[in-house]
Amino acid sequence: MARGQEKEKKQKPIRYFDYSLLFLIIFLLCFGLIMLYSTSSYYGSTRFGDAAYYLKKQLFATSLGIVAMIIVSRIPYRFWMNLSGAAYLAALGLCTFVIFGGREVKGQARWIYIGPLSFQPSEFAKLAVIIFLALIIYKTSKQVGEFKTLVKVMLIVLPIVGVVAYNNLSTAIIILGIAVCMLFVASPKYSHFFVVGLVVLVVGVVFIALASYRAERIQIWLHPEEHEKGYQTLQGLYAIGSGGLFGKGLGESMQKLGFIPEAQNDMIFSVICEELGLFGAVCLILLYLLMIWRFMVIANNAADLYGALIVVGIMAHISIQVVLNIAVVTNTIPNTGISLPFISYGGTSILFLLSEMGLALSVSRGITFEVT
Amino acid sequence: MSQEHVFYRSKTFNRKKIFIMFLAVFFVLMFLIGRLVYLMVFCSEYYGQKAENLHERERDIKAARGRIIDATGTVLATNKSVCTISVIHSQIEEPEKVIDALVKELGLSEDEVRARVEKVSSIERVKTNVDKEVGDRIRAYGLAGVKVDEDYKRYYPYESMASSVLGFTGADNQGILGLEVKYDSYLQGTNGQILTLTDARGIEIENAGETRMEPINGYDLCISMDVNIQQYCEQAAEKAYLKKQADSVSIIVINPQNGELMAMVNYPEFNLNEPFTLTDEMLSGVEDASALNAEQKQDLLNQMWRNQCISDTYEPGSTFKIITASAALEEGVVSLTDQFYCPGYKMVEDRRIRCAKTSGHGAETFETGIMNSCNPVFIELGERLGVDNYYKYFNQFGLLEKTHIDLPGEAATIMHKKENVGPVELATISFGQSFQITPIQLVTTVSSIINGGTRITPHFGVEIRDEKGNLVEKLKYDTTEGICSEETSETMQYLLEKVVSEGGGKNAKIEGYSIGGKTATSQTLPRSEHRYISSFLGFAPADDPQVLVLAIIRNPQGTYYGGMIAAPVVKEIMENILPYLDKS
């Protein structure tokens, strides 16, 4: 160890930057924009008379996001330590505000409008929770093995989970999932998580049993053909099934023509399946897996626990969303609204996702190699 | 920082846990890929088919039905382009303009049109069977949401001519009556189809590569009917119908050599272009036409559509003596010079069967007996033949079977069971009473006897041609040779010529032509009503028959003797068609 230290002092460490991740991000972004255009052009032209309506909005958000990513990737990530508390409070505040002052879209107030721009605070909340929890766990890393600490940390995130859950349960579940993953990695123990897992399972079952509409969702999940509300799920399945091995070809989806409601949002994966087939869908899943693997590499080699935890949070975020989205679209689990990262339509989402990517890249910059 | 860095890197459990997390994600994603394989490989057909059913809209392209063409090349049944006007609610932009235009062009009330236009449905039919010109005018308005679909409608240029023979078609282009039914498979053709893809709103997708299956038009049917002869016959039938205030008049004209029918009239006819409208004749017995219920109306329609020449049986009366005479000649139980005596009746067992001439014909030969249509002579012939022989010839002549004419609805002969025939039945059969046959059966059997003994199948259909006129199929019909000897045939030609030139059929005599024939006057059941059917069967030239005409007048008022009222009808027809046939 001491020798290594000496060597490091002598030789200038080789600067590292995870270009693989950067390429993955760029590739996914481009692929996402193409698929978004393909999927949304029908709705764009029938509702707004402009086939590129959704593409333009998404392009704008993506450009903003890329700028944010570049800036964030150039700022040493430890800089956010001081701001994370404020970010958390801001997210909490915005998420509370949206309940009262947000604009309702389809009965759920999830957006804040600033002039012509809309903003979904729950997307920001995910990022805020990642950097804030990373700090908290980093500071308490010595005691994180104790169950007491776990509970304490969970209590800290609970308010924001509660506030977000008020009108966006799916995002709340994601935030909770991110928190659990970060604690899991930070803690040297396993037993706690079995307990937590068990508790979550029991609470979940009780939760579903209590609310009848959730039980109905289960029924829809099991027999989508027999329920009117299973329409979206069923249309998604039609799209996936009609894709076959190699799909109908880019732009050739039939199901996007009004059959799948809001195909450009959560159901976009089904259109990808229809157009690009099993081959395309598996390639996309492998791309995500590759990206998650890069996060693992960065987290494993991060300069400190704080950086590692940030990347673990991001890794958890991407993983949970990809897994849940595909699971929902393939009717593997009951329907819940979760978007597919980098591809689904959503300005706020892409903006904060890219900011997160900036953070991950920033952490990757901190990696140094010992040259022996 | 470097201190911490080294310290941190030593914490392998973090790495391990991150790896566990990655592995978890990896396995879940692999599971999802498995799920995708299941959905996209094993369920692909199921979901793909369901999706396709959702996207596809089928549209039929009607095949043009084949025409019916007579022996002169005149088209008797063809198709007319008509339009169906529909409105598509979701595509209408200017509802008021649409309503105005449709009211003006279609002659419907505004309320009616408004109801259609404002109804929220995917497509609403406003009017069908609109003339093509009107459809074109509506199309010229260029109104969004108004659809003009062209379609074919069966059209009969001669309207009521040969109505029950030609028949008509239903809305689905399927034959309902007559030749339209019999030759439906040739005439119908195969409808084409356009398969288009639509989006969720039902709007067709442009350039979606619609699959088009071209329709195969139906074949033309060439028939032996001659429009000129048919029209002569109809005029003659109409005249007799009006003059004798008859219930109906039927006329059949056939070529006895090959069975080709040249005309078949059942007067009164009905308008083929409006087959569901009852004719005035049908309504004459009805007090209030609007009070008819559906069933009553259908009964009247069925009556109106009836082809009496082939679907109705009657007692042939004296025309049947041709068959009795032929059987007797064939069996050799009589010769032309055989002597008979008619006292005006003949006793059969304990019954006295009268002759038409109650004072009696006195002494006569077989030849004069047939000229006089003397009943006792034929009763005698029947007795000489005996039941077994008589029935043998019925079978041999083909009388007991259907003629298998190429028209639907032929009735069978109603004849006594052989074992039930006693002397009285035998006697009545021999002059054509107590059993029933169809007019077409009589015509066919007599044709077969006088043509040299070849049983023919009466028919209209001759050839099937495609729309360009190329021969597709020459229709073939069964014939049975030798149902009687040439000799018998020639004798019958001679005898029947005598009937017209010197006997009871002299009203059918035409200067310059040798005509054979036989009159008949039969009574319908019950006898107490005194309703008669008078008929005459004639053919020419007598020694080489080329045309045979049967005229039947049902329930004539006033004089009812066949020789008096039916023979002139045949004469009139012959006068017209013999020169016409000579020319062609």
- [ ] Would you check if A:Gly115 is modelled with pLDDT under 85, more than 25 Å from A:Val322 (Cα to Cα), crowded, with 18+ Cβ neighbours inside 10 Å and away from every other protein chain (no Cβ under 14 Å)?
- [x] no
Open item on the list: Just to check your reading of the model, which residue among A:Thr46, A:Thr39 is modelled with pLDDT under 90, of a type in the set (Val, Ile, Thr) and out of contact with any Phe, Trp or Tyr (no Cβ under 7 Å at 6 or more places or on another chain)?
Closed with: A:Thr46
Open item on the list: Test of understanding: among B:Gly562, B:Gly558, which residue is at positive phi and either in contact (Cβ under 8 Å) with a residue 24 or more places away in the chain or under 29 Å from the mean Cα position of the chain (by Cα) (or both)?
Closed with: B:Gly558
Open item on the list: Just to check your reading of the model, which residue among A:Leu340, A:Leu290, A:Leu309, A:Leu351 is on the phi < 0 side of the Ramachandran plot and surrounded by fewer than 24 Cβ atoms within 10 Å (Cβ to Cβ)?
Closed with: A:Leu290
TODO: State whether one or more residues within segment B:199-208 are of a type in the set (Lys, Arg) and within 14 Å of chain A (Cβ to nearest Cβ).
DONE: yes
Open item on the list: Out of everything in segment A:222-238 that is in contact (Cβ under 8 Å) with a residue 24 or more places away in the chain and either more than 7 Å from chain B (Cβ to nearest Cβ) or among the aromatic types (Phe, Trp, Tyr) (or both), what residue ends up being surrounded by the most Cβ atoms within 10 Å (Cβ to Cβ)?
Closed with: A:Gly236
Open item on the list: Yes or no: segment B:524-534 includes at least one residue that is at pLDDT 90 or above, buried (at least 24 other Cβ atoms within 10 Å of the Cβ) and outside any loop (DSSP other than H, G, I, E, B).
Closed with: yes
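Quick one: is A:Leu183 closer than 24 Å to A:Val312 by Cβ and aliphatic (A, V, I, L, M)?
Considered against the rule, which asks whether it is closer than 24 Å to A:Val312 by Cβ and aliphatic (A, V, I, L, M), A:Leu183 comes out as yes.
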- [ ] Kindly indicate whether A:Ile318 is assigned to a helix (DSSP H, G or I), under 30 Å from B:Cys43 (Cβ atoms), in contact with a Pro (Cβ under 6 Å, 6 or more places away or on another chain) and among the β-branched types (Val, Ile, Thr).
- [x] yes
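Residue-by-condition table, conditions (1) modelled with pLDDT of 80 or more; (2) under 30 Å from A:Asn300 (Cα atoms):
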{"site": "A:Thr171", "(1), (2)": "yes, yes"}
{"site": "A:Ile175", "(1), (2)": "yes, yes"}
{"site": "A:Gly204", "(1), (2)": "no, no"}
{"site": "A:Ala209", "(1), (2)": "no, no"}
{"site": "A:Ile218", "(1), (2)": "no, no"}
{"site": "A:Trp221", "(1), (2)": "yes, no"}
Open item on the list: surrounded by 19 or more Cβ atoms within 10 Å (Cβ to Cβ), out of contact with any strand residue (DSSP E or B) (no Cβ under 6 Å at 6 or more places or on another chain), closer than 26 Å to B:Glu315 by Cβ and not charged (D, E, K, R): is that true of B:Gly504 in this structure?
Closed with: no
Open item on the list: Based on this model, can you work out whether A:Ala51 counts as free of Cβ contacts under 8 Å to residues at least 40 places away in the same chain and at negative phi?
Closed with: yes
Open item on the list: B:Lys474 - would you say it is surrounded by fewer than 23 Cβ atoms within 10 Å (Cβ to Cβ), touching a helix residue (DSSP H, G or I) at 6+ places or on another chain (Cβ under 6 Å) and basic (Lys, Arg)?
Closed with: no
Open item on the list: Can you say whether A:Ile178 is in contact (Cβ under 8 Å) with a residue 60 or more places away in the chain and within 12 Å of another protein chain (Cβ to nearest Cβ), as far as the supplied structure shows?
Closed with: yes
TODO: Have a look at B:Ser318, B:Ser311, B:Ser359 and point out the one that is buried (at least 19 other Cβ atoms within 10 Å of the Cβ) and among the small types (Gly, Ala, Ser).
DONE: B:Ser318
- [ ] Name every residue in segment A:302-337 that is within 9 Å of chain B (Cβ to nearest Cβ), in contact (Cβ under 8 Å) with a residue 12 or more places away in the chain and either polar (S, T, N, Q) or in contact with a His (Cβ under 8 Å, 6 or more places away or on another chain) (or both), in order of residue number.
- [x] A:Ala303, A:Asp304, A:Ser319, A:Thr330, A:Asn331
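Per-residue answers, yes or no, for (1) more than 19 Å from B:Ala77 (Cα to Cα); (2) assigned to a loop (DSSP other than H, G, I, E, B):
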position: B:Leu143; (1), (2): yes, yes
position: B:Tyr152; (1), (2): no, no
position: B:Met161; (1), (2): no, yes
position: B:Ser185; (1), (2): no, no
position: B:Leu195; (1), (2): yes, no
Task: Test set (1) of a type outside the set (S, T, N, Q); (2) under 20 Å from A:Val323 (Cα atoms); (3) part of a helix (DSSP H, G or I) - A:Glu275 fails condition number - done: (2)
Task: Residues satisfying the stated conditions in segment A:360-372, i.e. modelled with pLDDT of 90 or more and either within 14 Å of chain B (Cβ to nearest Cβ) or under 14 Å from the mean Cα position of the chain (by Cα) (or both) - done: A:Ala360, A:Val363
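I'd like the full set of residues that are among the hydroxyl-bearing types (Ser, Thr, Tyr) and closer than 30 Å to B:Leu177 by Cβ, limited to segment B:111-156. Spell out how you get there, then give the answer.
Step one: filter segment B:111-156 for residues among the hydroxyl-bearing types (Ser, Thr, Tyr), giving B:121-122, B:128, B:141, B:152, B:155-156.
Across segment B:111-156, the qualifying residues are B:Thr128, B:Tyr152, B:Tyr155, B:Tyr156.
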- [ ] Identify, from the list B:Tyr232, B:Tyr219, the residue that is out of contact with any Lys or Arg (no Cβ under 8 Å at 6 or more places or on another chain), closer than 28 Å to B:Asp406 by Cα and either hydrophobic (A, V, I, L, M, F, W, C) or at pLDDT 80 or above (or both).
- [x] B:Tyr232
Task: Filtered residues of segment B:414-439 (kept if in a helix (DSSP H, G or I) and among the basic types (Lys, Arg)) - done: B:Lys418
- [ ] Take B:Leu242 and decide whether it is crowded, with 21+ Cβ neighbours inside 10 Å and out of contact with any strand residue (DSSP E or B) (no Cβ under 8 Å at 6 or more places or on another chain).
- [x] no
Open item on the list: Checking the condition among the aromatic types (Phe, Trp, Tyr), out of contact with any strand residue (DSSP E or B) (no Cβ under 8 Å at 6 or more places or on another chain), away from every other protein chain (no Cβ under 13 Å) and under 17 Å from A:Ile34 (Cβ atoms), which residue from A:Phe342, A:Phe269 passes?
Closed with: A:Phe342
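Residues B:Met304, B:Met225, B:Met262: which one is surrounded by 21 or more Cβ atoms within 10 Å (Cβ to Cβ), outside any loop (DSSP other than H, G, I, E, B) and touching a residue at least 60 places away in the same chain (Cβ under 8 Å)?
B:Met262
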TODO: Output the residues belonging to segment B:20-63 that are closer than 24 Å to A:Arg294 by Cβ, aromatic (Phe, Trp, Tyr) and at the interface with another protein chain (Cβ under 7 Å from one of its Cβ atoms).
DONE: B:Phe22, B:Phe26
Open item on the list: For segment B:76-113, give me each residue that is part of a helix (DSSP H, G or I) and touching a residue at least 40 places away in the same chain (Cβ under 8 Å).
Closed with: B:His89, B:Ser90, B:Gln91, B:Lys97, B:Val98, B:Ala101, B:Leu102
Task: Single condition A:Gly251 does not satisfy, out of (1) within 8 Å of another protein chain (Cβ to nearest Cβ); (2) in a loop (DSSP other than H, G, I, E, B) - done: (1)
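The values are calculated or read from the model by the stated rules, or taken from the named source; none is laboratory data. What you see is a predicted model; the values in this text were computed from it and never measured. Glycine also receives a Cβ, built like all others from the backbone with ideal geometry; neighbour counts cover every protein chain displayed.
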